Amino acid sequence: MQPYFLPYIGYWQLFCAVDRFVVYDNIQYTKKGWINRNRFLRNGTDAWFTVPLKAGSAHLSIAERTIADDFEPGTLLRPLAAAYRKAPHFGDVFPMIESVVAAPSRNLFEYLLHGLLTVAAHLEIRTPVVVSSAVDIDHGLRAEHKVIALCRALGADRYYNPIGGHALYSAAEFADAGIELRFVQTRPIAYAQFGGPFVPALSIVDVMMFNSPEAVGRMLGDYDLVT
């Protein structure tokens, strides 16, 4: 999986579903995705929060991108604090979010990995994390060919991906390699957000702000594995 910034709960369900979670550092950074931005609840609707990056070639990998020199964590933390200060679990969650946003590394991958590991620890997810470039494969491979090579190198006979990747992979290709392909599909999740209409699929920040650790734990298992 690409490393995402404070991703939605489906990402963490995948994290929980697997025996090892492979995070890509040596694939191309893509704009307008979820790598360095996400959405939060502000005034009853969704709004973006973003970690700005230095300008760079479109061909650079995630590990080669750098956070902007003038990024000041408070510019991101202040809107989050204002949005969630009255949420029931703000006091328990916000210090952890501060440690994620204010992480010292300016390397984008290191920054994102720190965030993933910090949130995983907070959620008590103990799945081992593997960085893709540390696995001995041909890293010139692309798409499902790279995934299959990673699975083989790690001795995996199953590969799970979020449901959004269903159109990207061929079950037949994986079966020919002796690997079972499944997709994690999040069941409908809703919870109270200050009493307004529910806004779905926001950052895990929103989930943690409004739900107890026990409720979040139940949500992490609220998915189906589909073919």
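What follows draws every value from the coordinates through simple rules; no lab data is involved. Model, not experiment: these values are computed from the prediction. Heads up, the Cβs are rebuilt from the backbone with ideal geometry, glycines too, and the neighbour counts pull from every protein chain shown.
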(request) Taking every Cα atom in the range 152-227, find the radius of gyration and the maximum pairwise distance Dmax, and write them in Å. (result) 16.4, 50
(message) If you take every residue apart from A58 with its C-beta less than 14 Å away from the C-beta of A58, what net charge results, scoring Lys and Arg +1 and Asp and Glu -1?
(response) +3
(request) Under 10 Å from the Cβ of L6, count the other residues' Cβ atoms, weight Lys and Arg +1, Asp and Glu -1, and hand me the total. (result) +1
(request) Starting from the exponent 0.38 and prefactor 2.2 Å, build the expected Rg for the chain from its residue count and divide its actual Cα Rg by it. (result) 1.03
(request) Return, for the Cα atoms of the range 13-115, the radius of gyration and Dmax in Å, separated by a comma. (result) 14.9, 43
(message) Only bridges whose two residues both fall in the chain count here: according to DSSP, what percent of them are antiparallel, nearest 5?
(response) 60 percent
(message) Below 21 Å, Cα to Cα, which lysines can K31 reach? Residues fewer than 8 away in the same chain don't count.
(response) K54
(request) Please give the contour-minus-distance gain from T127 to R42: 0.36 nm per residue of separation, less the Cα-Cα distance, rounded to one decimal in nm. (result) 27.4 nm
(request) Report the full-extension gain for the segment A58 to M96: residue separation times 0.36 nm, less the Cα-Cα distance, to one decimal in nm. (result) 10.5 nm
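Quick check: net charge around A171, other residues with Cβ under 13 Å of its Cβ, Lys/Arg +1 and Asp/Glu -1? Mind showing how you got there, number by number?
Details: positive: R158, R182; negative: E144, E173, D176, E180.
So the environment of A171 carries a net charge of -2.
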(message) Once you keep just the Cα pairs under 8 angstrom separated by 6 or more residues, what percentage relative contact order results for the chain?
(response) 29 percent
(request) For the range 115-129, just list the computed ³J(HN,Hα) in residue order, Karplus coefficients 6.51, -1.76 and 1.60, θ = phi - 60°, integers in Hz, with x standing in for Gly and Pro. (result) x, 4, 5, 5, 5, 4, 5, 4, 7, 6, 8, 10, 4, x, 10
(request) Quick one: which residues, 5+ away or cross-chain, put their amide H under 5 Å from the amide H of V22? H built at 1.01 Å from N. (result) V130
(request) Return the sequence-ordered ³J(HN,Hα) values of the range 6-20 in whole Hz as given by the Karplus equation 6.51 cos²θ - 1.76 cosθ + 1.60 applied to θ = phi - 60°, using x for Gly and Pro. (result) 6, x, 5, 5, x, 4, 6, 5, 4, 3, 6, 6, 9, 7, 9
(request) Express the C-alpha Rg of the range 114-199 as a ratio against the empirical globular expectation 2.2 N^0.38 Å, rounded to two decimals. (result) 1.41
(request) For a quick protection proxy, order the peptides 198-204, 102-108 by their average other-Cβ count within 10 Å, most packed first. (result) 198-204, 102-108
(message) Take A134 and A215, extend 7 Å from each Cα along the Cα→Cβ direction, and tell me the distance between the two endpoints in nm.
(response) 3.6 nm
(request) Work out the FRET efficiency for N107 and F194 from their Cβ-Cβ distance, taking R0 = 41 Å, and round it to the nearest 0.05. (result) 0.65
